[in-house]
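What follows is a set of notes on a single structure, which appears directly below.
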Amino acid sequence: RQNIAYVGQEPEFFSGSIEENLRLVNPEASDAQLYEALEKSGLSEWLKSLPDGLKTSLYSGNTTHVPSSIAPQFALARAMIQDSPIMLFDEMPYEFLNSASGKCFYDFITAQKNKRTILLITYRQDYIDLADTVIQLHQDMPPQIKEKKHA
């Protein structure tokens, strides 16, 4: 579990503060690491807008205070804090990929090339173009594996 950071299509949050939710994956993470991950995922302005910052509770009753529009960014920040050698991203939302935060995600994926294994489930050609190996799945057909040759 420590070796794979997973960002699902519908990120889950737990009762507790922003800080506690981020530290679930890396209890030893410093505040500086938390702020850096939130910055890289495009959430620093959102965090600044919260009166209690990292101490802000994500739930009151059964209602989360994380808007669905930033949930993928929060999950990305959590994956960055986990800092695992393998990262799995399961179809990031189209709205997210087409936003300024999506640009942060693209830059992150680009920066991680040759540093860790990234498994990205996507239909977006710009992300597919980043891959060293592409596995295409089609209904009723065996998977097609394409290895890219590097100069």
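The values are calculated or read from the model by the stated rules, or taken from the named source; none is laboratory data. Here the structure is a predicted model, which is why all the values come from computation and not from measurement. For neighbour counting, all protein chains shown are included, and Cβ atoms are generated from backbone atoms with ideal geometry for every residue, glycine included. Heavy atoms of the whole protein, side chains included, go into the accessibility calculation; ligands, DNA and RNA do not. Shrake-Rupley method; radii C 1.70, N 1.55, O 1.52, S 1.80 Å.
The figures follow:
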{"item": "Evaluation of Trp46 against (1) surrounded by 14 or more Cβ atoms within 10 Å (Cβ to Cβ); (2) outside any helix (DSSP H, G or I) (one fails), failing number", "result": "(2)"}
{"item": "Residue identified as without any contact (Cβ under 8 Å) to a residue 24 or more places away in the chain, surrounded by 14 or more Cβ atoms within 10 Å (Cβ to Cβ) and under 26 Å from Arg124 (Cβ atoms) among Glu20, Glu39", "result": "Glu39"}
{"item": "Residue selected from the stretch 82-104 under the condition aromatic (Phe, Trp, Tyr) and surrounded by 12 or more Cβ atoms within 10 Å (Cβ to Cβ), by the criterion modelled with the highest pLDDT", "result": "Phe89"}
{"item": "Verdict on Ala79 being closer than 21 Å to Tyr35 by Cα, surrounded by 15 or more Cβ atoms within 10 Å (Cβ to Cβ) and not polar (S, T, N, Q)", "result": "yes"}
{"item": "Among (1) at pLDDT 85 or above; (2) on the phi < 0 side of the Ramachandran plot, the one test that Lys148 misses", "result": "(1)"}
{"item": "Boolean, Glu28 is within 15 Å of the chain's Cα centre (by Cα), open to solvent by 20 Å² or more (accessible area, probe 1.4 Å) and free of Cβ contacts under 8 Å to residues at least 12 places away in the same chain", "result": "no"}
{"item": "Qualifying residues in the stretch 127-151 (those that are touching a residue at least 12 places away in the same chain (Cβ under 8 Å) and loosely packed, with under 10 Cβ neighbours inside 10 Å) - the one nearest to Lys40 (Cα to Cα)", "result": "Thr133"}
{"item": "Residue within the stretch 115-124 that is out of contact with any strand residue (DSSP E or B) (no Cβ under 7 Å at 6 or more places or on another chain) and open to solvent by less than 70 Å² (accessible area, probe 1.4 Å) present", "result": "yes"}
{"item": "Hits in the stretch 3-17 (condition: open to solvent by 20 Å² or more (accessible area, probe 1.4 Å), in contact with a helix residue (DSSP H, G or I) (Cβ under 8 Å, 6 or more places away or on another chain), more than 13 Å from Ser68 (Cβ to Cβ) and not hydroxyl-bearing (Ser, Thr, Tyr))", "result": "Phe14"}
{"item": "Helices (runs of 4 or more DSSP H) completely within the stretch 62-123 that count 3 or more residues being under 13 Å from the mean Cα position of the chain (by Cα) and more than 25 Å from Pro27 (Cβ to Cβ)", "result": "100-112"}
{"item": "Scope the stretch 49-60; condition in a loop (DSSP other than H, G, I, E, B), hydroxyl-bearing (Ser, Thr, Tyr) and open to solvent by less than 70 Å² (accessible area, probe 1.4 Å); matching residues", "result": "Thr56"}
